[in-house]
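The values are calculated or read from the model by the stated rules, or taken from the named source; none is laboratory data. Remember, predicted model here, so these are calculated numbers, not experimental data. All Cβ positions, even for glycine, are placed from backbone atoms using ideal geometry, and neighbour counts span all protein chains on display. Surface accessibility is based on the protein's heavy atoms, side chains included, excluding ligands, DNA and RNA. Shrake-Rupley method; radii C 1.70, N 1.55, O 1.52, S 1.80 Å.
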Amino acid sequence: LTIDIKSPVPINKQIVREWKKECEERGIDPFNCCFDESGGGVVFGDVVKMVWSNAVQGISASGSPIERPEDKGKEDVVKFSNRATQIWYNAHPFFRSCQIKKVSMSLAKEICSRRPDDGSSTTDGRTLKVESKRVYKRRTGQSPDESDSFFLMVEHCRTRHSFKPAEKVVNDIRKD
């Protein structure tokens, strides 16, 4: 997307206009779009609604994990300490079942480089927590933007389009 920092039009408005234009040129309905509404994304979401559509989904990675009806009563459900961790790990079953494959090398490296938070474990009854973005940035020198966007897209597909992981785990992963 191209923005003009000298323009009197606010940057968020320029971004939304460009995003909308790109989607319209590709025939992508706003219902099939999402953005991170965590932190500054709340204000960005207001701009999205004013400039484009209420149908664009805002997904927050802030706060507590969301309880899912299908997990009620299951003792083996992994407990997440926060929403960001839940979004991060909810995509993993799609990789194990080969429903998601052929990710770019840069995305794969970023996904594999984000670590569980110190003391995070599921084997001893504690909840799972991915290292914070701040810790990741300090350790690697960059923000996990590509993987955050990717996991946000998977969450969008789960919540808007009923994308569910296959029951079967594929152990024989071949190059396609």
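Taking a ≥ b ≥ c as the square roots of the eigenvalues of the Cα gyration tensor, an a/c ratio of 1.5 or more together with a/b no larger than b/c marks the stretch 15-72 as oblate. Structural descriptor for the chain: relative contact order 19 percent, calculated from alpha carbon pairs under 8 angstrom and at least 6 residues apart.
Averaging over all projection directions, the Cα-based convex hull of the chain occupies 12.8 nm² in the image plane.
Counting heavy atoms of the protein chains only and a 1.4 Å probe, report the per residue accessible area for the chain as a whole number of Å².
Values: 11480 Å² over 176 residues.
I get 65 Å² per residue for the chain.
Scan the chain and report its longest stretch carrying no GluC sites (Glu not before Pro) that are both in a DSSP loop and have at most 14 other Cβ atoms within 10 Å. Let's see the in-between values first.
Details: sites that count: 67, 75, 167.
Here the longest run is 76-166.
In order along the stretch 51-65, phi translates into HN-Hα couplings of 8, 10, 6, 6, 6, 5, 8, x, 10, 9, 9, 8, x, 7, x Hz, rounded to whole numbers, per the Karplus curve 6.51 cos²θ - 1.76 cosθ + 1.60 with θ = phi - 60° and x for Gly and Pro. Listed peptides 111-117, 136-142 appear in the order 111-117, 136-142 once ranked by packing, highest mean of other Cβ atoms within 10 Å at the front. Only helices enter the 222 nm calculation for the chain: every DSSP H run of n ≥ 4 contributes -39,500 (n - 2.57), and dividing by all residues gives -12500 deg cm²/dmol, rounded to 500.
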